[in-house]
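A quick write-up on the structure given underneath.
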Amino acid sequence: MRRAILAVLTGGMLLGSAACGSDPKPSSAPQPVTSARTEATPAASASAPDYSADNDVVCRRLDKAFTTGFGDFGKAIGKMIAYKEAKDKAGAAAAEKTAAAELQAVATEIRKQVATAKNPDLKASAIVSVGKIETSAKNRDYIEKIKTTKDLDKNLKTQIAEWLSPVAGYCAIS
């Protein structure tokens, strides 16, 4: 029962819908063209690259990585809570270690999924998320504060928002 509650709670906190926003920038007003060949070439080279299609692909891959990875992390946290409530310190410690390993796996998967991104800003933002997640995998203070399902929302919701915020400007993450 606690695992089911945790799964619903964690799922609701993580990623409601993750349709990736590519937020294409409107181009400047069209210029009168006297010679299509000579006028169009400089205008095309002066505009910024359009990464919207690639951003969409990368964001879908990131969404899958976040959803799957944080699901596994949530399961480990659920086990940890159950062990803590049962006063099983060894089980809780093992589950906490598993949760940290799941976070590291999320970071590794994000790094893998963003490796081929064409948008250097999206790639850099995802690497910032990776750094935050890896830091959290090593520093488990927020995990140790979670003793019951009531603590989960209080301690984890803010942490997840911090992990996801760097890519939120490129990928619609709720």
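The values are calculated or read from the model by the stated rules, or taken from the named source; none is laboratory data. Only a predicted model underlies this, so the values are computations on that prediction, with no experimental measurement involved. Backbone-built Cβ (ideal geometry, glycine too); neighbour counts: all protein chains shown.
Given the criterion of a type in the set (Val, Ile, Thr), surrounded by 14 or more Cβ atoms within 10 Å (Cβ to Cβ), touching a residue at least 12 places away in the same chain (Cβ under 8 Å) and closer than 18 Å to Thr67 by Cβ, identify the matching residue among Ile160, Ile143.
Ile160
Just checking, does region 136-150 include any residue being assigned to a helix (DSSP H, G or I) and either within 30 Å of Tyr51 (Cβ to Cβ) or at pLDDT 95 or above (or both)?
The answer is yes; a qualifying residue exists.
Among the residues of region 128-153, count how many are closer than 16 Å to Ala82 by Cβ and among the β-branched types (Val, Ile, Thr).
Count: 4.
Could you count how many residues in region 112-152 are of a type outside the set (Gly, Ala, Ser), within 13 Å of the chain's Cα centre (by Cα) and within 17 Å of Phe73 (Cα to Cα)?
4
Can you name the residue in region 74-121 that is assigned to a helix (DSSP H, G or I) and of a type in the set (Ser, Thr, Tyr) and, of all such residues, is nearest to Thr149 (Cα to Cα)?
Result: Tyr83.
State whether one or more residues within region 59-72 are aromatic (Phe, Trp, Tyr) and either at pLDDT 95 or above or farther than 26 Å from Lys150 by Cα (or both).
There is no residue in region 59-72 that is aromatic (Phe, Trp, Tyr) and either at pLDDT 95 or above or farther than 26 Å from Lys150 by Cα (or both).
Here are the criteria: (1) farther than 24 Å from Val114 by Cα; (2) aromatic (Phe, Trp, Tyr); (3) not in a helix (DSSP H, G or I). Tell me which single one Tyr170 does not satisfy.
Every condition holds for Tyr170 apart from (1).
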